[in-house]
Amino acid sequence: MGDFVSGLGLLADPAVLFALLIGSVGGVVIGAIPGVGAAVAIAILLPATFALEPLVGLTMLLGIYGSSMYGGSLPAILINTPGTAVNALTTYDGYPMTKRGEALRALGLAYGASFVGGVLSIVALILLSPVLAKVAPLFGSREIFLAALLGIVLVVIAHRGQTLVAGSLAAFGILINTVGLEPVRYTQRFTFGQDWLSSGVDLIVVVLGLFALSQAFVLLTDPERAPTTQRVSGNMWAAILGVFKFKRIAASGGGFGVLMGIIPGVGEFTAQFLSYTYAQKTSKDPDAFGKGSPEGLVASESANNAVPAAAMIPLLALGIPGEALTAMMLSVFYVHNVVPGPGLFQNQMDFVYALYVAMILLNVLVVVFMLFASNLLIQIIRIPTRFLGVMILTLSFVGVYSLRNSVIDCAIAAGFGVLGLVLKRQNLPVVPIVLGMVLGGIMEVKLRAAMARVDTPLDFVSRPIAAILAIVIVLLIIGHFVGLIREKRVGLAEDAHDHDIHDSQTR
């Protein structure tokens, strides 16, 4: 109880409360602007948070992460353009409801479902993080190495149909992390005699390039857009409460979001589609899905908003990020010498409680804000995309330069921005590069520490948790290849069937 009261004391700091307000409101605004998104905003703000207290910086970033999906539903519903990528499924039923004259109801259901999903995931975070943290002391160097490797494997196989590309990009991220002085004997690696590479490639520089600068390039090279929208009128509070007519769908969506948030590399998209599919299969009117079904809208929004808090569970308990945004937040922990894992729950429980309460307050603040600000946010949707591109470009370079006052960092960020632009144009994933850098660093340190106590390869998996993790990794890889072979056989059978039909028609 003393830790909880102490946590409330930390949260009562005006700087923390201001950061929470800025993060929650700013996240909604950023989410409502098509083409920006939480990743871009967090990447831009990340250098600034290093100068803040850890709770202040994390509260601001968590506010943006959690609230951007609330804002992203607004353009998805009103103009059929998702504010963030994870609001794409919201357009399936949200926009048809708007065309039927039910824009207010659609927005209310989206906000209400997001709130339910967010609160459910915070409850899961509160209940599961301490349990996982108690198991975490059983993790030695080899177990943490295998857990990080499991994260890489999950990230790769999550990109179904692009696993080879995702694996290559993750390996590229691991390679980038090895550039510079290696952490044990301080020998040069992959510097090729260039002094400017001795300090390595900074994660934040890569993040700003891949997410922020690449998006700025996309906005600047695409045709100019400034969408038009109509005002929404009516009782928004009653519309939000309408979500409780779909309690089962909202709860199941939150459950899918929690489960998918905990698993590294899976995230909002898988959670949404599982939730949406479940809702459709159990609905009394499945044909309405995709044509303006309130159940479909609730299923989508409750699932995607449950992921952010759930993604914090492995981060807080094990220090292992599951996706790009939690990887960015891990850097804020490390800058302030706050190490996620069992020690955090043993020595800084007040800090953990403050994070829990901040995340609950975040959802409350956002819903209250959305009650009154939806029509104001409609004006933000109309910002021309080229202007946004210039703003993101400027802020990104300011952020990169502020890290080490280095023009070289700006050039590296620009290079990764071009790489990110190419990957986006080809519909290829960017996230594996970032997770490869973060998890690759963890894997290297832990592997070198473990090898001092290992004589044979079997010694590496001689302990129960290490053996379980190794078996899971092997089973996942085998299962993935079995699935690919099965899909290939089905495709060949369908081609043969189509060929037979064609032959019978031509005779």
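Below, the figures for the structure above:
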| read-out | value |
| --- | --- |
| Flag if ASP498 is assigned to a helix (DSSP H, G or I), modelled with pLDDT under 80 and not assigned by TED's automatic domain parsing to the domain that holds ASP222 | yes |
| Pairs where the first residue, in the range 128-143, is of a type in the set (A, V, I, L, M) and the second is outside any helix (DSSP H, G or I), C-beta under 8 Å, 6+ apart | ALA133/GLY341; ALA136/GLY341 |
| Residue ID - modelled with the lowest pLDDT, chosen from residues in the range 339-392 that are among the aromatic types (Phe, Trp, Tyr) and closer than 24 Å to GLY117 by Cβ | PHE372 |
| Scan of the range 34-62 for residues that are open to solvent by 20 Å² or more (accessible area, probe 1.4 Å) and aliphatic (A, V, I, L, M), ordered by number | VAL36, ALA39, ILE44, LEU45, ALA48, ALA51, LEU52, MET60 |
| Pairs with Cβ under 8 Å, 6+ apart, first in the range 444-473 and without any contact (Cβ under 8 Å) to a residue 24 or more places away in the chain and over 21 Å from TYR186 (Cβ atoms), second open to solvent by 60 Å² or more (accessible area, probe 1.4 Å) and among the charged types (D, E, K, R) | ASP459/ARG453 |
| In the range 194-209, the residues that are open to solvent by 70 Å² or more (accessible area, probe 1.4 Å) and either of a type in the set (Asp, Glu) or out of contact with any Gly (no Cβ under 8 Å at 6 or more places or on another chain) (or both) | GLN194, ASP195, TRP196 |
| First in the range 159-171 and farther than 18 Å from LEU149 by Cβ, second anywhere and outside any helix (DSSP H, G or I), Cβ under 6 Å, 6 or more apart | VAL165/LEU428 |
| Matching option when the condition is more than 28 Å from TYR278 (Cβ to Cβ) and assigned to a helix (DSSP H, G or I), among VAL332, VAL339 | VAL332 |
| Meets criteria (closer than 25 Å to LYS446 by Cβ, out of contact with any strand residue (DSSP E or B) (no Cβ under 7 Å at 6 or more places or on another chain) and outside any helix (DSSP H, G or I)) for VAL184 | yes |
| Top-ranked residue of the range 315-338 - restricted to ones that are at pLDDT below 75, touching a Leu at 6+ places or on another chain (Cβ under 8 Å) and not aliphatic (A, V, I, L, M), ranked as surrounded by the fewest Cβ atoms within 10 Å (Cβ to Cβ) | GLU323 |
| Selection status of ILE144, crowded, with 16+ Cβ neighbours inside 10 Å and under 19 Å from the mean Cα position of the chain (by Cα) | no |
| Some residue of the range 16-25 being within 18 Å of the chain's Cα centre (by Cα), modelled with pLDDT under 80 and not aliphatic (A, V, I, L, M) | no |
| So ALA470, is it surrounded by 14 or more Cβ atoms within 10 Å (Cβ to Cβ) and at pLDDT 85 or above | yes |
| Wholly enclosed helices (runs of 4 or more DSSP H) of the range 1-82 bearing at least 2 residues under 30 Å from GLY290 (Cα atoms) and among the aliphatic types (A, V, I, L, M) | 14-32, 37-49, 54-78 |
| Filter result (open to solvent by less than 20 Å² (accessible area, probe 1.4 Å) and under 22 Å from LEU107 (Cβ atoms)) within the range 1-25 | GLY23, SER24 |
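Rundown of residues vs (1) modelled with pLDDT of 80 or more; (2) small (Gly, Ala, Ser), yes/no style:
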residue	(1), (2)
THR59	yes, no
GLY66	no, yes
PRO75	no, no
ALA85	no, yes
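The values are calculated or read from the model by the stated rules, or taken from the named source; none is laboratory data. Here the structure is a predicted model, which means the values were calculated and not measured. Methodologically, a virtual Cβ is constructed for each residue, glycine included, from the backbone with ideal geometry; neighbour enumeration extends over all protein chains shown. Keep in mind that these areas ignore ligands, DNA and RNA; they rest on the heavy atoms of the full protein, side chains included. Shrake-Rupley method; radii C 1.70, N 1.55, O 1.52, S 1.80 Å.
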